[in-house]
Amino acid sequence: GLLAHNYLAGIYYYDLVPGQVVVLIYGDGSTEDYVVSGNQEYQALSPNSATSNFVDLATGETLTSTQLFYAVYGGSLRTTFQTCIAQGGEPSWGRLFVIAPLE
């Protein structure tokens, strides 16, 4: 996963769109292509807690932090881009996850 603050590099995660190819370049110069499949947005019920529960903004389902972790980072080989969603003066109100499986 690639995590970035929503007021720094994470602002660009909002520009990633389904079908877009993202090329990761590793320290040894090798590359891998990932294709953005979509994004998921969640409200953090306790924005500044690492163990907050989250509400899926698309379905209304509540997940624990562990359930959310496995939902966005588990499964097939992929890259997950994570940043916060600011709302109502709270910079950590929610989380944006952009999922890009290995091509």
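The values are calculated or read from the model by the stated rules, or taken from the named source; none is laboratory data. What you see is a predicted model, and the numbers here were worked out from it, not measured in a lab. Every residue, glycine among them, receives a Cβ derived from its backbone with ideal geometry; neighbour counts consider all protein chains shown. The area values use the complete protein model at the heavy-atom level, side chains included, leaving out ligands, DNA and RNA. Shrake-Rupley method; radii C 1.70, N 1.55, O 1.52, S 1.80 Å.
Only a single item in (1) under 27 Å from residue 103 (Cα atoms); (2) surrounded by fewer than 10 Cβ atoms within 10 Å (Cβ to Cβ); (3) β-branched (Val, Ile, Thr) is not met by residue 51, and it is number (1). Among all residues of region 18-33, there is none that is surrounded by 13 or more Cβ atoms within 10 Å (Cβ to Cβ) and in contact with a helix residue (DSSP H, G or I) (Cβ under 7 Å, 6 or more places away or on another chain). Sub-7 Å Cβ pairs linking a first residue in region 35-60 that is touching a residue at least 60 places away in the same chain (Cβ under 8 Å) to a second residue that is of a type in the set (Val, Ile, Thr) and open to solvent by 50 Å² or more (accessible area, probe 1.4 Å), at least 6 apart or interchain, are 35/21; 36/17, ordered by first then second residue.
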